[in-house]
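See structure below.
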Amino acid sequence: MPKVKRVRKVATIDHETLRTEHGSAEASSPAEEHASKVKQLIDDFRQVCASAALIGGGDAQGMETYMRNQFKFFGLKSPLRRQLQLSFVRSHTDELQDNALLLALCSALWNESERELQYFSVDLLRQYRQDLLGGGTPAEFWAVMRCVESLISTKSWWDTVDGLAYPVAGYMVDHCPALGVPLMQQWIVHDNMWLRRAAILHQVCQKKKTDEARLFSFCLARAEEREFFICKAIGWALRDYSKCNPLAVKNFVEKNRTSLSSLSIKEALRKIG
């Protein structure tokens, strides 16, 4: 989704507007204001999606079948959905300047039934990751990563997990390694399979910036696991790194061939031969 420039601003309260003829009225709490705004934003975007699906026909049944009937869909194709998202974001720029509200919106979208609303949440986090991280303080880092961890662990499937793993979690780890690397070390041994997958994938697309030792150690940590999505992730992460260091990947695979699954080996060597 193309970037919409955001201007960070400090929220202020006009206390004069809180006064009544009987004295000062108590202002709503920030959490209450966020909840109200988030609900309105979701209701508005839901209506946009529903109208577009009605006009364009959509393919809800086909999408639901493709996702093994785990999720409900409006039936919007990706190009149309992203166009609707871009238009919606442009018309709500002021509200989305508030990072706390933005994170609340991303979390709330996850509670909705239609899968397109989870896709919107993923795209918002990807689009505004730099703004959300801000100055890279621990508070900013953890605010984002608590949200991301919750989303990866809920309504989990590859379509949303992978969109959060390296574009969002990987970005945060890359910019705050002192906080992010220990967190990834927790994820790689986590009971939740999707967090383990995200840990394996978090360096995808980092090319020469990839921490080779971390990549290989994470792959070895899950090498003997035979869960399809883990085996596939190991192969994908190694194949991606092979684009800039094919010899290192080839040597790693040969050295650990007895531990790695055949699927991981096949995927890792696909670009090498």
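The values are calculated or read from the model by the stated rules, or taken from the named source; none is laboratory data. All values derive from a computational prediction rather than experimental measurement. Note that each Cβ is placed from the backbone with ideal geometry, even for glycine, and that neighbours are counted across all protein chains shown. Heads up: the accessible areas ignore ligands, DNA and RNA and are worked out on the full protein's heavy atoms, side chains in. Shrake-Rupley method; radii C 1.70, N 1.55, O 1.52, S 1.80 Å.
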Arg197 passes all but one of the listed conditions (1) among the charged types (D, E, K, R); (2) farther than 17 Å from Val148 by Cα; (3) not in a loop (DSSP other than H, G, I, E, B); the exception is number (2)
Restricting attention to the stretch 224-273, the residues that are open to solvent by 60 Å² or more (accessible area, probe 1.4 Å) and among the small types (Gly, Ala, Ser) number exactly 2
Being open to solvent by 80 Å² or more (accessible area, probe 1.4 Å) and either modelled with pLDDT of 95 or more or closer than 23 Å to Asp159 by Cβ (or both), is that true of even one residue in the stretch 8-29?
-> no
Taking the stretch 203-256 and keeping residues in contact with a Ser or Thr (Cβ under 7 Å, 6 or more places away or on another chain), in a loop (DSSP other than H, G, I, E, B) and not hydrophobic (A, V, I, L, M, F, W, C) leaves Gln203, Glu224, Arg226
Practice task
Report yes if Lys207 is at positive phi and either touching a Cys at 6+ places or on another chain (Cβ under 9 Å) or surrounded by fewer than 14 Cβ atoms within 10 Å (Cβ to Cβ) (or both), otherwise no.
Solution key: yes
*asked:* Against the definition (farther than 18 Å from Leu183 by Cα and in contact with a strand residue (DSSP E or B) (Cβ under 9 Å, 6 or more places away or on another chain)), how does Ser107 come out, yes or no?
replied: no
Quick count over the stretch 70-99, residues being within 16 Å of the chain's Cα centre (by Cα) and modelled with pLDDT under 95, is 0
Checklist entry - Ile265: touching a Lys or Arg at 6+ places or on another chain (Cβ under 7 Å), farther than 16 Å from Gln203 by Cβ and of a type in the set (Val, Ile, Thr), yes or no? => result yes
The helices (runs of 4 or more DSSP H) lying entirely within the stretch 62-181 that contain at least 2 residues which are open to solvent by 60 Å² or more (accessible area, probe 1.4 Å) and of a type outside the set (Phe, Trp, Tyr) are 78-91, 129-133, 138-153
Query raised in the report: Condition test on Ala221, is it at pLDDT 95 or above, more than 21 Å from the chain's Cα centre (by Cα) and surrounded by fewer than 17 Cβ atoms within 10 Å (Cβ to Cβ)?
Result: yes
Pairs returned, first residue in the stretch 137-159 that is at pLDDT 95 or above, second residue that is open to solvent by 60 Å² or more (accessible area, probe 1.4 Å) and not in a loop (DSSP other than H, G, I, E, B), beta-carbon separation under 8 angstrom, 6 or more apart or interchain, are Val144/Arg129
